[in-house]
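Here's the structure, in structure tokens; my notes come after.
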Amino acid sequence: MAAHDKSQGTAQPGPPDASDALLSIRQSIDNIDAALIHLLAERFKFTQQVGRLKAAYGLPPADPARELLQIQRLRGLAEDAHLDPAFAEKFLNFIIAEVIHHHEQIAGHETPAGPAPDGLATTTSP
């Protein structure tokens, strides 16, 4: 007998108890995903403020020293949380690349479109 997974729209084989547990866990994951999206939106509201401030004072969009500190800090937090620090660094680099792009747009000197190598920034700043 296959139970229907409402959150993914796929049938999951297994006993009803397993299917119910799977659905419950997936609903928790979906809730966390929603929270992450809202947190990212809040973070980007603040980084937009940083971009406007940098533009107003003629500061560069990227701040490699800040980026390095952030990467070190987040790698430590990841280790404490038992999350792969390399994954945390990749995730942060992805976010930083987008922040830098926004800061360049705000400053009016956007670079040509295109991702950084491997889609990650190497010397950027939140």
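The values are calculated or read from the model by the stated rules, or taken from the named source; none is laboratory data. Every value quoted in this text rests on a predicted model; they were computed, and no experiment measured them. Cβ: placed from backbone, ideal geometry, glycine included. Neighbour counts: every protein chain shown.
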### Query
Can you list the helices (runs of 4 or more DSSP H) found entirely within region 12-126 that contain at least 1 residues being modelled with pLDDT of 95 or more and in contact with a Lys or Arg (Cβ under 6 Å, 6 or more places away or on another chain)?
85-107
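Working only within region 14-69, note down all residues that are hydroxyl-bearing (Ser, Thr, Tyr) and either without any contact (Cβ under 8 Å) to a residue 60 or more places away in the chain or farther than 30 Å from residue 105 by Cα (or both).
19, 24, 28, 57
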### Query
Out of 25, 71, 32, which single residue is surrounded by 12 or more Cβ atoms within 10 Å (Cβ to Cβ), of a type in the set (Val, Ile, Thr) and more than 16 Å from residue 101 (Cβ to Cβ)?
71
